[in-house]
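The values are calculated or read from the model by the stated rules, or taken from the named source; none is laboratory data. Source: prediction; values computed, not measured. Cβ atoms come from the backbone with ideal geometry, glycine included; neighbour counts cover every protein chain shown. Keep in mind that these areas ignore ligands, DNA and RNA; they rest on the heavy atoms of the full protein, side chains included. Shrake-Rupley method; radii C 1.70, N 1.55, O 1.52, S 1.80 Å.
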Amino acid sequence: MVSAAQRVESLSSSGIQSIPKEYVRPEDELKNIGNVFEEEKKDEGPQVPTIDLKGINSDEPGVREKCREELKRAAAEWGVMHLVNHGISDELIDRVKKAGQTFFSLPVEEKEKYANDQASTNIQGYGSKLANNASGQLEWQDYFFHLVFPEDKRDLSIWPKIPTDYIEATSEYARLLRGLTTTILSVLSLGLGLEEDRLEREVGGLEELLLQMKINYYPKCPQPELALGVEAHTDVSALTFLLHNMVPGLQLFYQGNWVTAKCVPNSIIMHIGDTVEILSNGKYKSILHRSLVNEEKVRVSWAVFCEPPKEKIILKPLSEVVSEAEPPLFPPRTFAQHIEHKLFRKTQELNGSK
(Lines give C-alpha, C1' and ligand atoms only; values in the text may rest on other atoms or scores of the structure.)
Protein backbone atom coordinates (compact mmCIF):
# COMPACT_ATOMS: atom_id res chain seq x y z
CA MET A 1 0.00 0.00 0.00
CA VAL A 2 1.06 3.62 -0.54
CA SER A 3 2.02 5.31 2.70
CA ALA A 4 0.37 8.60 3.66
CA ALA A 5 3.63 10.38 2.89
CA GLN A 6 3.23 9.36 -0.75
CA ARG A 7 -0.22 10.85 -1.17
CA VAL A 8 -0.07 13.90 -3.42
CA GLU A 9 -2.20 15.81 -0.90
CA SER A 10 0.46 15.19 1.79
CA LEU A 11 3.19 16.36 -0.59
CA SER A 12 1.22 19.49 -1.44
CA SER A 13 0.53 20.40 2.19
CA SER A 14 4.12 19.73 3.29
CA GLY A 15 5.17 23.14 1.99
CA ILE A 16 7.57 21.90 -0.72
CA GLN A 17 8.66 24.58 -3.20
CA SER A 18 9.67 22.18 -5.97
CA ILE A 19 8.01 18.92 -6.96
CA PRO A 20 9.80 15.53 -6.88
CA LYS A 21 11.31 14.56 -10.23
CA GLU A 22 8.85 11.67 -10.74
CA TYR A 23 6.10 14.29 -11.22
CA VAL A 24 8.02 16.37 -13.79
CA ARG A 25 6.76 15.71 -17.31
CA PRO A 26 9.09 14.79 -20.20
CA GLU A 27 10.71 17.64 -22.13
CA ASP A 28 8.44 17.39 -25.18
CA GLU A 29 5.32 17.81 -23.00
CA LEU A 30 6.63 20.79 -21.03
CA LYS A 31 6.51 23.00 -24.13
CA ASN A 32 2.70 23.15 -24.10
CA ILE A 33 1.73 23.19 -20.40
CA GLY A 34 0.40 26.70 -19.76
CA ASN A 35 -1.36 28.55 -16.94
CA VAL A 36 -4.82 26.96 -16.84
CA PHE A 37 -6.64 30.13 -15.72
CA GLU A 38 -5.19 32.11 -18.64
CA GLU A 39 -5.87 29.23 -21.02
CA GLU A 40 -9.52 29.07 -19.95
CA LYS A 41 -10.04 32.78 -20.70
CA LYS A 42 -9.05 32.39 -24.35
CA ASP A 43 -12.01 32.86 -26.66
CA GLU A 44 -10.27 32.59 -30.00
CA GLY A 45 -10.09 29.27 -31.78
CA PRO A 46 -12.30 26.18 -31.46
CA GLN A 47 -14.33 25.68 -28.26
CA VAL A 48 -15.79 22.47 -26.83
CA PRO A 49 -19.44 22.38 -28.03
CA THR A 50 -22.35 22.80 -25.61
CA ILE A 51 -25.35 20.58 -26.36
CA ASP A 52 -28.76 21.49 -24.92
CA LEU A 53 -30.63 18.21 -24.32
CA LYS A 54 -33.96 19.87 -23.55
CA GLY A 55 -35.43 18.83 -26.91
CA ILE A 56 -33.92 15.34 -27.13
CA ASN A 57 -37.26 13.57 -26.56
CA SER A 58 -39.54 16.40 -27.69
CA ASP A 59 -42.93 15.56 -29.20
CA GLU A 60 -42.13 18.02 -31.99
CA PRO A 61 -40.16 16.13 -34.64
CA GLY A 62 -38.30 19.26 -35.77
CA VAL A 63 -37.10 20.15 -32.27
CA ARG A 64 -36.16 16.54 -31.52
CA GLU A 65 -34.21 16.09 -34.77
CA LYS A 66 -32.30 19.35 -34.35
CA CYS A 67 -31.16 18.35 -30.85
CA ARG A 68 -30.17 14.83 -31.93
CA GLU A 69 -28.32 16.14 -34.97
CA GLU A 70 -26.25 18.52 -32.82
CA LEU A 71 -25.37 15.72 -30.41
CA LYS A 72 -24.35 13.44 -33.27
CA ARG A 73 -22.23 16.14 -34.89
CA ALA A 74 -20.41 16.88 -31.63
CA ALA A 75 -19.74 13.14 -31.15
CA ALA A 76 -18.36 12.86 -34.69
CA GLU A 77 -16.29 16.07 -34.75
CA TRP A 78 -15.12 16.40 -31.15
CA GLY A 79 -16.00 13.30 -29.14
CA VAL A 80 -16.58 15.56 -26.13
CA MET A 81 -19.24 18.11 -25.18
CA HIS A 82 -20.86 20.04 -22.34
CA LEU A 83 -24.39 18.70 -21.76
CA VAL A 84 -26.95 21.17 -20.35
CA ASN A 85 -30.61 20.51 -19.47
CA HIS A 86 -29.57 16.89 -19.01
CA GLY A 87 -32.43 16.08 -16.62
CA ILE A 88 -30.36 15.61 -13.44
CA SER A 89 -31.21 18.29 -10.90
CA ASP A 90 -28.69 20.90 -9.77
CA GLU A 91 -29.66 20.03 -6.20
CA LEU A 92 -28.64 16.37 -6.58
CA ILE A 93 -25.40 17.28 -8.36
CA ASP A 94 -24.58 19.71 -5.54
CA ARG A 95 -25.18 16.91 -3.02
CA VAL A 96 -22.85 14.56 -4.94
CA LYS A 97 -20.13 17.22 -5.07
CA LYS A 98 -20.55 18.17 -1.43
CA ALA A 99 -20.35 14.51 -0.38
CA GLY A 100 -17.14 13.92 -2.36
CA GLN A 101 -15.53 17.15 -1.17
CA THR A 102 -16.44 16.37 2.45
CA PHE A 103 -14.75 12.97 2.14
CA PHE A 104 -11.61 14.51 0.64
CA SER A 105 -11.51 17.19 3.32
CA LEU A 106 -10.98 14.45 5.95
CA PRO A 107 -7.41 14.05 7.23
CA VAL A 108 -5.27 11.79 5.03
CA GLU A 109 -5.02 9.29 7.92
CA GLU A 110 -8.81 8.99 7.95
CA LYS A 111 -8.97 8.48 4.18
CA GLU A 112 -6.27 5.80 4.45
CA LYS A 113 -8.87 3.54 6.09
CA TYR A 114 -10.34 3.24 2.59
CA ALA A 115 -6.99 2.68 0.83
CA ASN A 116 -7.08 0.30 -2.12
CA ASP A 117 -4.64 -2.57 -2.60
CA GLN A 118 -3.25 -2.01 -6.08
CA ALA A 119 -0.99 -5.06 -5.79
CA SER A 120 -4.12 -7.22 -5.79
CA THR A 121 -5.37 -5.34 -8.91
CA ASN A 122 -8.42 -4.23 -6.94
CA ILE A 123 -8.29 -0.48 -7.39
CA GLN A 124 -11.61 0.22 -5.65
CA GLY A 125 -11.08 2.66 -2.80
CA TYR A 126 -8.75 5.56 -2.01
CA GLY A 127 -5.52 5.69 -3.98
CA SER A 128 -2.78 7.47 -5.87
CA LYS A 129 -1.20 6.41 -9.12
CA LEU A 130 1.80 4.13 -8.72
CA ALA A 131 4.74 4.38 -11.10
CA ASN A 132 3.77 1.34 -13.11
CA ASN A 133 5.00 2.52 -16.48
CA ALA A 134 8.40 2.44 -18.09
CA SER A 135 9.18 6.10 -17.38
CA GLY A 136 8.28 5.89 -13.68
CA GLN A 137 6.09 8.93 -14.25
CA LEU A 138 3.56 10.06 -11.63
CA GLU A 139 0.46 12.26 -11.85
CA TRP A 140 -0.48 15.10 -9.48
CA GLN A 141 -3.67 13.58 -8.08
CA ASP A 142 -5.21 11.29 -5.48
CA TYR A 143 -8.49 9.55 -6.18
CA PHE A 144 -11.39 7.50 -4.88
CA PHE A 145 -12.61 4.76 -7.24
CA HIS A 146 -15.71 2.58 -6.92
CA LEU A 147 -18.33 0.76 -8.99
CA VAL A 148 -21.66 2.61 -8.64
CA PHE A 149 -24.03 0.71 -10.98
CA PRO A 150 -25.60 -1.89 -11.40
CA GLU A 151 -26.59 -1.75 -7.74
CA ASP A 152 -26.25 -5.52 -7.20
CA LYS A 153 -22.59 -5.38 -8.25
CA ARG A 154 -21.60 -2.63 -5.78
CA ASP A 155 -19.45 -3.20 -2.72
CA LEU A 156 -20.90 -0.67 -0.28
CA SER A 157 -18.46 -1.76 2.43
CA ILE A 158 -15.71 0.28 0.76
CA TRP A 159 -17.85 3.39 0.13
CA PRO A 160 -17.17 6.42 2.37
CA LYS A 161 -19.19 6.39 5.61
CA ILE A 162 -18.52 10.13 6.01
CA PRO A 163 -20.51 12.13 5.11
CA THR A 164 -23.67 10.17 5.86
CA ASP A 165 -25.30 11.42 2.62
CA TYR A 166 -22.51 9.99 0.45
CA ILE A 167 -24.13 6.64 -0.39
CA GLU A 168 -27.63 8.01 -0.99
CA ALA A 169 -26.57 10.97 -3.14
CA THR A 170 -24.05 8.99 -5.20
CA SER A 171 -26.45 6.06 -5.73
CA GLU A 172 -29.25 8.34 -6.93
CA TYR A 173 -26.87 10.16 -9.28
CA ALA A 174 -25.66 6.82 -10.70
CA ARG A 175 -29.26 5.67 -11.32
CA LEU A 176 -30.13 8.86 -13.21
CA LEU A 177 -26.86 8.79 -15.13
CA ARG A 178 -27.65 5.24 -16.25
CA GLY A 179 -30.91 6.53 -17.74
CA LEU A 180 -29.06 9.36 -19.49
CA THR A 181 -26.60 6.79 -20.88
CA THR A 182 -29.47 4.92 -22.56
CA THR A 183 -30.78 8.17 -24.08
CA ILE A 184 -27.36 9.12 -25.48
CA LEU A 185 -26.61 5.64 -26.83
CA SER A 186 -30.05 5.60 -28.55
CA VAL A 187 -29.31 8.85 -30.38
CA LEU A 188 -25.84 7.64 -31.38
CA SER A 189 -27.32 4.34 -32.64
CA LEU A 190 -29.90 6.11 -34.77
CA GLY A 191 -27.13 8.38 -36.07
CA LEU A 192 -25.38 5.30 -37.48
CA GLY A 193 -28.58 4.07 -39.11
CA LEU A 194 -28.97 1.29 -36.51
CA GLU A 195 -31.88 0.21 -34.34
CA GLU A 196 -32.30 2.51 -31.37
CA ASP A 197 -31.17 0.00 -28.75
CA ARG A 198 -28.28 -1.49 -30.74
CA LEU A 199 -25.32 0.27 -29.08
CA GLU A 200 -26.86 -0.29 -25.65
CA ARG A 201 -27.02 -4.03 -26.36
CA GLU A 202 -23.51 -4.09 -27.78
CA VAL A 203 -22.01 -2.62 -24.60
CA GLY A 204 -23.79 -4.99 -22.22
CA GLY A 205 -27.26 -3.59 -21.57
CA LEU A 206 -28.70 -2.85 -18.13
CA GLU A 207 -27.26 -5.98 -16.53
CA GLU A 208 -23.68 -5.81 -17.76
CA LEU A 209 -22.68 -2.21 -18.51
CA LEU A 210 -20.67 -1.07 -15.48
CA LEU A 211 -20.63 2.50 -14.19
CA GLN A 212 -17.36 3.16 -12.36
CA MET A 213 -16.94 6.46 -10.51
CA LYS A 214 -13.51 8.00 -9.99
CA ILE A 215 -13.31 11.14 -7.87
CA ASN A 216 -10.09 12.89 -8.90
CA TYR A 217 -8.56 15.18 -6.27
CA TYR A 218 -5.90 17.55 -7.64
CA PRO A 219 -4.13 19.36 -4.78
CA LYS A 220 -2.44 22.74 -5.29
CA CYS A 221 0.87 22.28 -7.07
CA PRO A 222 3.90 24.54 -6.42
CA GLN A 223 5.17 24.05 -10.01
CA PRO A 224 2.07 23.51 -12.15
CA GLU A 225 3.99 24.26 -15.35
CA LEU A 226 5.99 21.04 -14.82
CA ALA A 227 3.23 18.58 -13.85
CA LEU A 228 -0.03 17.08 -15.08
CA GLY A 229 -3.02 15.93 -13.02
CA VAL A 230 -3.76 13.23 -15.61
CA GLU A 231 -1.48 12.56 -18.56
CA ALA A 232 -2.78 12.55 -22.13
CA HIS A 233 -5.03 9.58 -22.83
CA THR A 234 -8.29 8.50 -24.43
CA ASP A 235 -10.95 6.82 -22.27
CA VAL A 236 -11.47 3.10 -22.83
CA SER A 237 -15.14 3.40 -21.82
CA ALA A 238 -18.25 3.57 -24.01
CA LEU A 239 -19.13 7.00 -22.54
CA THR A 240 -17.65 9.04 -19.70
CA PHE A 241 -19.60 11.67 -17.73
CA LEU A 242 -17.69 14.31 -15.79
CA LEU A 243 -18.61 16.81 -13.06
CA HIS A 244 -16.10 19.24 -11.53
CA ASN A 245 -15.90 21.94 -8.87
CA MET A 246 -15.75 24.76 -11.46
CA VAL A 247 -11.95 24.96 -11.37
CA PRO A 248 -10.57 24.60 -14.94
CA GLY A 249 -8.14 21.83 -15.82
CA LEU A 250 -9.50 19.62 -18.61
CA GLN A 251 -7.78 20.00 -21.99
CA LEU A 252 -8.72 18.33 -25.27
CA PHE A 253 -6.33 17.69 -28.17
CA TYR A 254 -8.30 19.06 -31.11
CA GLN A 255 -6.92 19.69 -34.62
CA GLY A 256 -3.33 19.58 -33.38
CA ASN A 257 -3.75 21.92 -30.38
CA TRP A 258 -4.65 21.64 -26.70
CA VAL A 259 -8.02 23.34 -26.10
CA THR A 260 -9.02 24.14 -22.50
CA ALA A 261 -12.62 23.32 -21.62
CA LYS A 262 -14.54 26.26 -20.16
CA CYS A 263 -16.37 25.86 -16.84
CA VAL A 264 -20.03 25.78 -17.94
CA PRO A 265 -22.45 26.09 -14.96
CA ASN A 266 -24.86 23.19 -14.35
CA SER A 267 -23.35 21.11 -17.15
CA ILE A 268 -22.05 17.56 -17.33
CA ILE A 269 -19.08 17.01 -19.63
CA MET A 270 -19.47 13.88 -21.76
CA HIS A 271 -16.70 12.02 -23.59
CA ILE A 272 -17.14 9.39 -26.27
CA GLY A 273 -14.83 6.53 -25.25
CA ASP A 274 -12.82 4.02 -27.29
CA THR A 275 -15.61 1.42 -27.05
CA VAL A 276 -18.10 3.55 -29.02
CA GLU A 277 -15.36 4.73 -31.39
CA ILE A 278 -14.57 1.06 -32.20
CA LEU A 279 -18.23 -0.01 -32.60
CA SER A 280 -18.88 2.99 -34.91
CA ASN A 281 -15.66 2.28 -36.87
CA GLY A 282 -14.32 5.73 -36.05
CA LYS A 283 -17.45 7.66 -37.03
CA TYR A 284 -17.67 8.86 -33.41
CA LYS A 285 -14.38 10.06 -31.91
CA SER A 286 -12.63 9.21 -28.65
CA ILE A 287 -10.60 12.39 -28.10
CA LEU A 288 -7.18 12.62 -26.47
CA HIS A 289 -7.39 14.65 -23.25
CA ARG A 290 -5.44 15.50 -20.09
CA SER A 291 -5.73 17.57 -16.89
CA LEU A 292 -3.63 20.55 -15.88
CA VAL A 293 -3.05 21.55 -12.26
CA ASN A 294 -2.52 24.93 -10.62
CA GLU A 295 -1.03 26.48 -7.47
CA GLU A 296 -4.05 28.53 -6.38
CA LYS A 297 -7.04 26.19 -6.13
CA VAL A 298 -7.72 22.53 -5.44
CA ARG A 299 -9.57 20.94 -8.36
CA VAL A 300 -11.96 18.04 -7.90
CA SER A 301 -13.71 16.11 -10.67
CA TRP A 302 -16.18 13.22 -10.65
CA ALA A 303 -15.74 10.93 -13.67
CA VAL A 304 -18.18 8.09 -14.31
CA PHE A 305 -16.89 5.59 -16.87
CA CYS A 306 -19.57 3.45 -18.56
CA GLU A 307 -17.69 0.25 -19.38
CA PRO A 308 -18.67 -3.00 -21.11
CA PRO A 309 -17.93 -6.30 -19.34
CA LYS A 310 -14.26 -7.27 -19.63
CA GLU A 311 -14.59 -10.68 -21.31
CA LYS A 312 -18.18 -11.30 -22.42
CA ILE A 313 -18.32 -9.08 -25.50
CA ILE A 314 -16.09 -8.90 -28.56
CA LEU A 315 -15.55 -5.25 -29.48
CA LYS A 316 -15.25 -4.66 -33.20
CA PRO A 317 -16.76 -2.32 -35.80
CA LEU A 318 -20.41 -3.25 -36.37
CA SER A 319 -21.05 -4.95 -39.71
CA GLU A 320 -23.56 -2.23 -40.72
CA VAL A 321 -20.93 0.52 -40.52
CA VAL A 322 -18.20 -1.18 -42.56
CA SER A 323 -18.02 -1.68 -46.31
CA GLU A 324 -15.43 -2.14 -49.05
CA ALA A 325 -15.04 1.62 -49.16
CA GLU A 326 -14.85 1.82 -45.35
CA PRO A 327 -13.13 -1.35 -44.09
CA PRO A 328 -12.84 -2.04 -40.34
CA LEU A 329 -10.30 0.24 -38.64
CA PHE A 330 -10.05 -1.89 -35.49
CA PRO A 331 -9.40 -5.63 -35.00
CA PRO A 332 -11.79 -7.70 -32.82
CA ARG A 333 -10.81 -7.65 -29.12
CA THR A 334 -12.48 -8.13 -25.78
CA PHE A 335 -12.60 -5.03 -23.58
CA ALA A 336 -9.84 -6.56 -21.41
CA GLN A 337 -7.67 -7.16 -24.50
CA HIS A 338 -8.25 -3.56 -25.64
CA ILE A 339 -6.97 -2.26 -22.28
CA GLU A 340 -3.97 -4.61 -22.46
CA HIS A 341 -3.21 -3.51 -26.01
CA LYS A 342 -3.19 0.16 -24.97
CA LEU A 343 -0.85 -0.52 -22.05
CA PHE A 344 1.45 -2.57 -24.29
CA ARG A 345 1.57 0.17 -26.94
CA LYS A 346 2.29 2.82 -24.33
CA THR A 347 5.12 0.77 -22.84
CA GLN A 348 6.62 0.30 -26.30
CA GLU A 349 6.47 4.03 -26.97
CA LEU A 350 8.12 4.81 -23.62
CA ASN A 351 10.85 2.31 -24.41
CA GLY A 352 11.47 4.08 -27.67
CA SER A 353 10.13 1.30 -29.91
CA LYS A 354 7.57 1.86 -32.56
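A few notes on this one:
- In this simple spin-label model, placing a label point 7 Å from the Cα along the Cα-to-Cβ direction at both ALA232 and MET246 gives a separation of 3.2 nm.
- Summary value for the chain: 21 percent relative contact order, contacts being C-alpha pairs under 8 angstrom separated by 6+ residues.
- HN-Hα J in Hz across segment 50-59 - Karplus 6.51, -1.76, 1.60, θ = phi - 60°, x for Gly and Pro: 10, 10, 8, 8, 3, x, 5, 10, 4, 6
- Charge dipole (debye, nearest 20) of the chain; +1 at Cβ of Lys and Arg, -1 at Cβ of Asp and Glu: 480
- HN-Hα J in Hz across segment 13-28 - Karplus 6.51, -1.76, 1.60, θ = phi - 60°, x for Gly and Pro: 7, 6, x, 4, 9, 10, 8, x, 4, 5, 8, 7, 6, x, 3, 5
- Distance (nanometres) between label positions extended 7 Å along Cα→Cβ at LYS31 and ASN122: 4.5
- Solvent-accessible heavy-atom area per residue, rounded to whole Å², over segment 10-120 at 1.4 Å: 56
- The residues neighbouring LYS220, those whose beta-carbon lies less than 10 Å from its own, together hold a net charge of -1 under the Lys/Arg +1, Asp/Glu -1 convention.
- Zone of LYS42's modelled label, taken as backbone nitrogen in segment 267-306 under 17 Å from a point 7 Å along Cα→Cβ: 288-294
- Estimated FRET transfer efficiency (ILE162, THR50; beta-carbon r; R0 56 Å; 0.05): 0.95
- 12 Å cut-off, amide nitrogen to a point 7 angstrom out along LYS312 Cα→Cβ, residues in segment 186-207: 201-207
- Beyond 20 Å in Cα-Cα separation lie the following of the pairs LYS283/LYS346; LYS316/LYS342; LYS72/LYS283: LYS283/LYS346.
- Selected from PRO61, PRO160, PRO309 as most flexible by GNM, with the chain as the system and alpha-carbon contacts under 10 Å: PRO61
- Remark on VAL247: its backbone amide H falls under 5 Å from those of VAL300, a criterion applied only to residues 5 or more positions apart or on other chains, H modelled at 1.01 Å from N.
- Cα lying deepest toward the dipole's positive end in the chain, options VAL322, TYR23, TRP140, charges on Cβ: TYR23
- Degrees, to the nearest 10: 90-104 long Cα axis against longest axis of the chain: 30
- Computed lengthening from VAL84 to LYS220, 0.36 nm per intervening residue step minus Cα-Cα distance: 46.1 nm
- About the centre of its Cα atoms, segment 18-146 shows a dipole size close to 240 debye [charges on the beta carbon of Lys, Arg (+1) and Asp, Glu (-1) only; nearest 20 debye].
- Solvent exposure of LYS54, expressed as accessible area, is near 150 Å², computed with a probe of 1.4 Å over the protein chains only.
- Assigned charges on the beta-carbon of Lys, Arg, Asp, Glu; segment 124-268 dipole about Cα centre (debye): 420
- The accessible area of THR170, taken with all protein chains in place and a 1.4 Å probe, comes to roughly 0 Å².
- Neighbours of GLY273, meaning other residues whose beta-carbon lies under 9 angstrom from its beta-carbon, give a summed charge of -4 when Lys and Arg score +1 and Asp and Glu score -1.
- Max mean-square fluctuation residue, GNM over the chain, Cα-Cα springs under 10 Å, options GLY127, GLY205, GLY229: GLY205
- GluC sites (Glu not before Pro) within segment 104-197: DSSP coil, no more than 16 neighbouring Cβ in 10 Å: GLU195, GLU196
- Taking semi-axes √(5λ) of the Cα gyration tensor in Å as calculated from this structure, the corresponding entry among (i) 49, 27, 20; (ii) 31, 23, 22; (iii) 28, 25, 18 is (ii).
- Length added when fully stretched, GLU22-GLU69, from 0.36 nm per residue minus Cα-Cα: 12.5 nm
- Applying the Karplus relation 6.51 cos²θ - 1.76 cosθ + 1.60 with θ = phi - 60° to segment 161-174 yields 3J(HN,Hα) values of 8, 10, x, 5, 7, 4, 5, 5, 5, 5, 5, 5, 4, 4 Hz, where x marks Gly and Pro.
- With 0.36 nm allotted per residue and the present C-alpha distance subtracted, the ARG345-LEU206 stretch has 46.9 nm of extension available.
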